[in-house]
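Enquirer: I have a structure I would like to understand better, so I am pasting it below and will then ask my questions one at a time.
Since every read-out is calculated from the coordinates, none of them should be taken as a lab result. Only a predicted model underlies this, so the values are computations on that prediction, with no experimental measurement involved. Note that each Cβ is placed from the backbone with ideal geometry, even for glycine, and that neighbours are counted across all protein chains shown.
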């Protein structure tokens, strides 16, 4: 069974003996002593996924004596009450918007895709929300149109664009010593960050996609695929950029990236339709009273 390297190390640190190419066959005994019979296996021909099939070796059975036996045989979905919904690859069958074959029943996340990322589950929830909203309103659910991105004739970035940025390494999570984990099995293995570590991590990029590795070698300006994360506004050394932000009063929610209008309500061009961020020093900032002010006194992009 595959395992992460750090998990293997943690197990060995705690004195776990890992026996490879063997499989349990049966177990028996009492509540005080358990005997597990195992057999050695060989790797046979690969299956459809390319993974070799385990082949038991005849006459290789052996017993393992233990006081406690933990059954770790994986997980399955509890489909109580959902028996009429067909399964797809052992998971709940649903379309891209989370609609199952049963009217008014929606599904998403690991129950549909199998083990995946948290971001994927969040995305499935957002899509299912669109589907549920359309279902309640008696409409057909549709995904928002994706924005077409073109990099034609835009200058490319290179490493020199980032030489002024400090390379802050990720803070590794410290683990409780193996002896202390064994002394108290209910203790938390991963230790919390210190205050300094929290402050350091909060200054690092959260990996939304707009970071050095992504920018390097790509067009200089990313206005057409703006994520509305406001990072450009936050890190501008001259405090000279501003992002339009508005509330859709008619729908009672904040606007999302795919429904920005041509212009925001305060008159600023929509950043999703710009070729580059908009410096305030080039046009000033119109206040509610009609005043005019500049935020940049040191030059602009």
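Enquirer: Could you state the principal axis extents of the C-alpha atoms in segment 87-137, from the largest down, to the nearest angstrom?
Expert: On the principal axes, segment 87-137 reaches 32, 23, 11 Å in Cα extent.
Enquirer: Between residue 133 and residue 88, what length in nm is gained on full extension when 0.36 nm per residue of separation is reduced by their alpha carbon distance?
Expert: 13.7 nm
Enquirer: In what sequence do 38, 66 fall when counting other Cβ within 10 Å, fewest first?
Expert: Going from least to most buried by this count: 66, 38.
Enquirer: What's the exposure ranking of 51, 204, going from fewest to most Cβ atoms within 10 Å?
Expert: The order, fewest Cβ neighbours first, is 51, 204.
Enquirer: Report the FRET efficiency, 1/(1 + (r/R0)^6), for residue 78 and residue 189, where r is their Cβ-Cβ distance and R0 is 30 Å, rounded to 0.05.
Expert: Details: r = 28 Å, r/R0 = 0.92.
In this case the efficiency is close to 0.65.
Enquirer: Expressed in nm to one decimal, what extension gain is obtained for the pair residue 18 and residue 179 from 0.36 nm per residue of sequence separation less their Cα-Cα distance?
Expert: 56.1 nm
Enquirer: At what distance in nm do the modelled label points of residue 168 and residue 36 sit from each other, each positioned 7 Å from its Cα along Cα→Cβ?
Expert: Placing both labels 7 Å beyond Cα along the Cβ direction yields 4.4 nm.
Enquirer: Moving on to the next point. Can you put 5, 174 in order, fewest other beta carbons within 10 Å first?
Expert: 5, 174
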